[in-house]
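Novice: Take this structure first; my questions come after.
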Amino acid sequence: MSEYKQPRISDAEALDMLQNMPTAELMARADEIRRARHGSKTYYVHSHNLNPTNLCVVKCKLCSFWRPDNAADAYVTTIDDARKSLEKAQNWNLTDLHIVGGMIPELDLDYYEKLFALSREMLPGVLLQGMTAVEIHWIAGNAGISVRETLIRLKAAGFGSISGGGAEIFHPDVRKKIATTKILAQQWLDVHQVAHELGIPTNATMLFGHIEKDEHLIDHLSRLRALQDVTGGFQAVIPLPFQANGKALGVKYTPSGDRQVRVAALSRIYCDNFPHVRMLVNYMDRKLLGVLTHSGVDDIGGTSLDERIAKEGGAPTSQKFFTAQEMEDFLANLGHTPILTNSVYEDLKPETGNWKLEEGGVDNFKSQVSGLKFRWQAILDRVEAGERINAEDAAIIYDEAPFQELGRVADVCRRRAVPGDRATYVFDKNLNTTNVCVVDCKFCAFYTKQEKDNAYVKSPEEIVEQVKAAAEAGATQILIQGGLHPDLKLDYYEACLSGIRDNVDIWIHSLSPTEIEFMAKMEHISIKECLQRLKDAGLQSLPGGGAEILNDDIRKRISPKKTRSKAWLDLMEDAHSIGLKTTATMVYGFGETTEQRIEHFMKVRDLQDRTGGFTAFIPWSFSPDMTDLECPRLQNGVDYLRLVAMARIVLDNVPHLQAGWVTEGPDVSQLALQFGADDYGGVLMTEEVVSATGVDYKVDEDLVIHLIREAGWVPAQRTTQYDLIKVYDEVEA
Ligand code: SF4
């Protein structure tokens, strides 16, 4: 099996890829390299963090971890304190102990020699990774000896490898602003070179998403690649997303999903002499991390028990893993082979794919890929050329094509369906009439029973007041839905709708086919008559709720009492026939087959061919927590992007495709804009149904505009009918 040789790209090619290559294509390129290097293996560690002190003489602007000397929560860990912490960790089957922290004179070389010796004694076999080049350089200076002598003494005490921290960005234009008092780039590189010469493996970070420019990232990676050419001592390059807490450096937002994926993928493609690309789980949303492991990242870091530095920086703690088993399950769910290792990948023999790629730039990628013709590729070529796909072909590409390739073609379809460089959003509010429901859907965590304490019903007056408040806050659309309450008759809904119509300037995009079917039944009138009365009362369009999967075998299992597929479609046809536009939704992840998902798409497409009444399609994944339904397999970010791309490719007659941040999170939904979606959905203000399952993402209008813009689209606020209200052409202050 030939040794895999990754081709080298130039700095100019790298900059061009980072700035211009479609995200899905960049992901595909990086994933190919990752697979050629590691196959499906994905590495993780079970680590404990020991931060000796949060006092620090360096006081970087970008750091939220250090404390002033007199701060109430300032601390210094004595050797005895460390012993207690290590005693606790002795039964945790750790692979790594990470020792990193602030720099103060008291914690000198002697202290660290004692700390590493104690750690080696109490945690034999655990890799003692620690200290950044900044700390080592500082301690050597403090001891009045060379870095080499310092490293020799630390190694003798048990020190196993240098973590990659302190690199930030090497370029002086940036470093002088973000790490004024930190060692210079060359000093950082020199510490790592000496370590490599002493046989101490190290990692290298790159902090991105603050004030740096793309050129500064390429410059940073090129310095790392150059040193690696000399020493080969680096194990992993670690792109680190800057945790913006609004204070440090005046940066408002942490780099978005699209930016993180682009930087990680480019790092994989550019750093051709680095075995691993690591992204740290405790810095991000799990759904995004899943996508990153299919975008060049082969290592997700570790459990990092007791990690404080990222936490202080505002990293989301809700996504953390606490056991190695959790990480193994997470990776297996993504189709990876989980490999528990340590931070120097000891006793692991990297697997090579049976690829042999010639030397020489980007074009090689294209020529190599085009040499292998898969049946999915022929089908995607036809779709890319504008041909309509049939159900059989759709099932083939759904199961066989790399999701990144589906994304690349879906992006082409999106630009055909919605020309221009805009991505839209709507400022809306979700409002529920009642949480009392007689339908008992097994996947629903929102509903309750009349007799329950948490049951509520809002009066039409209350509804109108809340809609008024939403309109005053800027909402242009109101989405009213709720449970099927046995006492709420058609006249209740007519009172709500007409109250809004007569008192508030807002578009009424409300009620689901299931609610309307129930009203008509209770009123003993036809669906069409019921729809007409609702329209006369002020209803202007229908959201496509209650579609879940339009296959009755699935519906009988997940919601036996709910509207059947044909009834849902017929009701939408009736609505379209009286001039009520609607959207169509899909909730997936109930264990349905690919064919059943394609069936759902085809039913929507066929109705659209007849009526043209669907304005948009909105898919999201099933959230199982707090529901009565077993989840056969939790849907991850890759599943979502694959489904979004398929929706765009199959639904060639539905103009708009909405991303679903409520269940997928702001970052993966942003990526959906690169996989065929042209709309970010609603700012929503409030949401009760999905949050009842514990999934509780939040966005606001500013964040939505920022995410659309950072994905390379021009943000535009739209109406319910997709007319533009405001286009944010210029980056407003
Ligand atoms: S999903 Fe809707 S219809 Fe089903 S139980 Fe929940 S509120 Fe009722």
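Novice: Looking at the stretch 241-294, which of the residues that are of a type in the set (S, T, N, Q) and assigned to a loop (DSSP other than H, G, I, E, B) is surrounded by the most Cβ atoms within 10 Å (Cβ to Cβ)?
Specialist: Filtering first and then ranking leaves T293.
Per-residue answers, yes or no, for (1) in the same structural domain as A133 (by TED's automatic domain parsing); (2) over 17 Å from M103 (Cβ atoms); (3) open to solvent by 20 Å² or more (accessible area, probe 1.4 Å):
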site: I162; (1), (2), (3): yes, no, no
site: H171; (1), (2), (3): yes, yes, yes
site: K176; (1), (2), (3): yes, yes, yes
site: T181; (1), (2), (3): yes, no, yes
site: L184; (1), (2), (3): yes, no, yes
site: Q193; (1), (2), (3): yes, yes, yes
site: E197; (1), (2), (3): yes, yes, yes
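Novice: Among the residues of the stretch 643-659, write down those that are surrounded by 24 or more Cβ atoms within 10 Å (Cβ to Cβ) and not hydrophobic (A, V, I, L, M, F, W, C).
Specialist: Of everything in the stretch 643-659, those that are surrounded by 24 or more Cβ atoms within 10 Å (Cβ to Cβ) and not hydrophobic (A, V, I, L, M, F, W, C) turn out to be R648, Q658.
Novice: While we're on this one: Could you grab me the full set of residues in the stretch 534-561 that are open to solvent by 30 Å² or more (accessible area, probe 1.4 Å) and either away from the ligand (no atom under 15 Å from the Cβ) or closer than 15 Å to F622 by Cβ (or both)?
Specialist: K535, D536, Q540, D552, D553, R557
Novice: Take the stretch 563-595 and flag every residue that is under 26 Å from the mean Cα position of the chain (by Cα) and either aliphatic (A, V, I, L, M) or in a helix (DSSP H, G or I) (or both).
Specialist: A584, M586, V587, T594
Novice: A further question follows. Could we say that V457 is of a type in the set (V, I, T) and within 16 Å of the ligand (Cβ to nearest atom) here?
Specialist: yes
Novice: From (1) buried (at least 17 other Cβ atoms within 10 Å of the Cβ); (2) more than 16 Å from the ligand (Cβ to nearest atom); (3) under 25 Å from T476 (Cα atoms), pick out the condition that doesn't hold for I527.
Specialist: (3)
Novice: Look through the stretch 418-454, keep the residues that are among the acidic types (D, E) and away from the ligand (no atom under 13 Å from the Cβ), and return whichever of them is most open to solvent (accessible area, probe 1.4 Å).
Specialist: So the residue we want is D453.
Novice: Here's something else I'd like to know. Anything in the stretch 587-629 that is farther than 21 Å from L641 by Cα, of a type in the set (A, V, I, L, M, F, W, C) and open to solvent by 10 Å² or more (accessible area, probe 1.4 Å)? List them, or say none.
Specialist: Hits for the stretch 587-629 are M626, L629.
Novice: Residue under question is L151, and the condition is that it be open to solvent by less than 10 Å² (accessible area, probe 1.4 Å), at pLDDT 95 or above and either in the same structural domain as Y111 (by TED's automatic domain parsing) or under 31 Å from the mean Cα position of the chain (by Cα) (or both); does it hold?
Specialist: It is true that L151 is open to solvent by less than 10 Å² (accessible area, probe 1.4 Å), at pLDDT 95 or above and either in the same structural domain as Y111 (by TED's automatic domain parsing) or under 31 Å from the mean Cα position of the chain (by Cα) (or both).
Novice: Consider the stretch 36-60. How many of its residues are part of a loop (DSSP other than H, G, I, E, B) and touching a Leu at 6+ places or on another chain (Cβ under 6 Å)?
Specialist: Residues flagged as part of a loop (DSSP other than H, G, I, E, B) and touching a Leu at 6+ places or on another chain (Cβ under 6 Å) within the stretch 36-60 amount to 2.
Novice: If we scan the stretch 65-79, do we find a residue that is part of a helix (DSSP H, G or I) and either among the small types (G, A, S) or over 28 Å from V251 (Cα atoms) (or both)?
Specialist: Yes, some residue in the stretch 65-79 is part of a helix (DSSP H, G or I) and either among the small types (G, A, S) or over 28 Å from V251 (Cα atoms) (or both).
Novice: Also: Taking V695 and the conditions (1) of a type in the set (A, V, I, L, M); (2) at pLDDT 95 or above; (3) within 24 Å of G589 (Cα to Cα), which numbered condition does it fall short on, given that it satisfies the others?
Specialist: Failing condition for V695: (2).
Novice: Does the stretch 562-584 hold any residues that are free of Cβ contacts under 8 Å to residues at least 60 places away in the same chain, open to solvent by 10 Å² or more (accessible area, probe 1.4 Å) and within 16 Å of the ligand (Cβ to nearest atom), and which are they?
Specialist: R564, A567
Novice: Here is a further query. Scan (1) without any contact (Cβ under 8 Å) to a residue 60 or more places away in the chain; (2) surrounded by fewer than 21 Cβ atoms within 10 Å (Cβ to Cβ); (3) not small (G, A, S) for the single condition I379 breaks and write down its number.
Specialist: (2)
Novice: Output the residues belonging to the stretch 479-511 that are crowded, with 20+ Cβ neighbours inside 10 Å, free of Cβ contacts under 8 Å to residues at least 40 places away in the same chain and away from the ligand (no atom under 16 Å from the Cβ).
Specialist: G499, I500, I506, I508
Novice: Got a sec? Which of T476, T514 is within 14 Å of the ligand (Cβ to nearest atom) and either modelled with pLDDT of 95 or more or of a type in the set (D, E, K, R) (or both)?
Specialist: T514
Novice: Of all residues in the stretch 668-700, how many are of a type outside the set (A, V, I, L, M) and either assigned to a loop (DSSP other than H, G, I, E, B) or open to solvent by 40 Å² or more (accessible area, probe 1.4 Å) (or both)?
Specialist: Of the residues in that region, 12 qualify.
The values are calculated or read from the model by the stated rules, or taken from the named source; none is laboratory data. Computed from a predicted model, the values in this text were never measured in an experiment. All Cβ positions, glycine included, derive from the backbone under ideal geometry; neighbour counts span all protein chains shown. Side chains included, ligands, DNA and RNA excluded: accessible areas come from the protein's heavy atoms. Shrake-Rupley method; radii C 1.70, N 1.55, O 1.52, S 1.80 Å.
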